[in-house]
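Data block below; observations after.
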Amino acid sequence: MLSCPIATGGSTVGPACCRLAVTHQPGRRASRYPTDLTDAQWAEPDPLLPDPACLAGRGGRWEKHCRRLIVDAILYVVDNGIKWRALPADFPPWPTVFKRFTAWEKAGTTQRLLDALRDRARLADGRNAAPSAAIIDSQSVRAAPTVSTSTRGYDAGKKVQGRKRHIAVDTLGLLITVLVTPASTSDRIAARSLLRRLRSAAGRRVQLIWADGGYTGTLLGWARN
């Protein structure tokens, strides 16, 4: 079993590194992209990311690549809508980025990170950390032919073949939770799962939800109950 020392921070090359700086090779980047986090922005999620297994006493190797580079690479993919294989060469190898992303997602890290940052933003705006009101809506998005038929469908109203993302935000527009379904799923049906996720993420303090006419019918009585 390999030991993994706790980092004290710092970087020999480029922008400020992650808190595990002494455990990995220095990050080297020739380019900066609009999606790259600033030092101030990176200071928020860095301590919220989970420790690697070796620091928790479960063995394994320490992480080879800087977490800040991994997060910048994930943001680049999300913002540009590209394939993982299309990551610019100055990021860590795409399989490494994808593996780290899926591991964090599976462990619920992204939701916990989202919740923590949303709470901080609300408190900084002089509000209660937990929202009392929310807004829900959906959007159908075209899917590539390679997307599994079991996870996509046809939205006759929008004439879109693909998936539908159902989103809940607070009154500041900060994301609370998201649900992805085939595009054929009606808003009022998907809203039941979305509202369950909303309560799980934001607690029972949410008493008011704004929605459009697509959320009428039996959903109203279900939500009241």
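The values are calculated or read from the model by the stated rules, or taken from the named source; none is laboratory data. Because the structure is a prediction, the values reported are computed rather than measured. Using ideal geometry, Cβ is built from the backbone for each residue, glycine included, and neighbour counts are taken over all protein chains shown. Side chains included, ligands, DNA and RNA excluded: accessible areas come from the protein's heavy atoms. Shrake-Rupley method; radii C 1.70, N 1.55, O 1.52, S 1.80 Å.
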Region 39-107 - Kirkwood radius from inverse mean 1/r over Cα pairs (Å):
13.0 Å
If every Lys and Arg gets +1 and every Asp and Glu gets -1 at its Cβ, then about the Cα centre region 180-225 yields a dipole, in debye to the nearest 20, of 320 debye
Can you list which of the trypsin sites (Lys or Arg not before Pro) found in region 139-169 are DSSP loop residues with at most 10 other C-beta atoms within 10 Å?
Lys159
Can you work out D for region 129-224 in µm² s⁻¹ from Stokes-Einstein, where Rh is the Kirkwood radius over C-alpha pairs, the temperature is 25 °C and the viscosity is 0.890 mPa s?
177 µm²/s
Neighbours of Lys106 by Cβ distance under 13 Å: Lys/Arg at +1, Asp/Glu at -1, summed charge +2
If you stretched the chain out fully between Lys106 and Ala53, how much longer would it get, using 0.36 nm times the residue separation minus the C-alpha to C-alpha distance?
17.6 nm
Which percent of the accessible area of region 39-107 is formed by carbon and sulfur heavy atoms (probe 1.4 angstrom)?
55 percent
Sequence-separation-based contact order of region 129-224, relative, with Cα cut under 8 Å and 6+ spacing, percent
32 percent
Would you mind counting up the charge near Asp212? Only other residues with Cβ under 13 Å from its Cβ, with Lys and Arg at +1 and Asp and Glu at -1.
-1
9 Å beta-carbon shell around Arg67, net charge (K/R +1, D/E -1):
+1
Answer label, with Cα extents along the principal axes in Å calculated from the coordinates and candidates (i) 78, 44, 33; (ii) 57, 51, 30; (iii) 59, 44, 36:
(iii)
May I ask for the angle, rounded to the nearest 10°, between helix 109-124 and the longest principal axis of the chain, with both axes built from Cα atoms and the value confined to 0 to 90°?
80 degrees
Measure nothing fancy, just the Cα-based angle from helix 94-106's long axis to the longest principal axis of the chain, in degrees from 0 to 90, nearest 10.
50 degrees
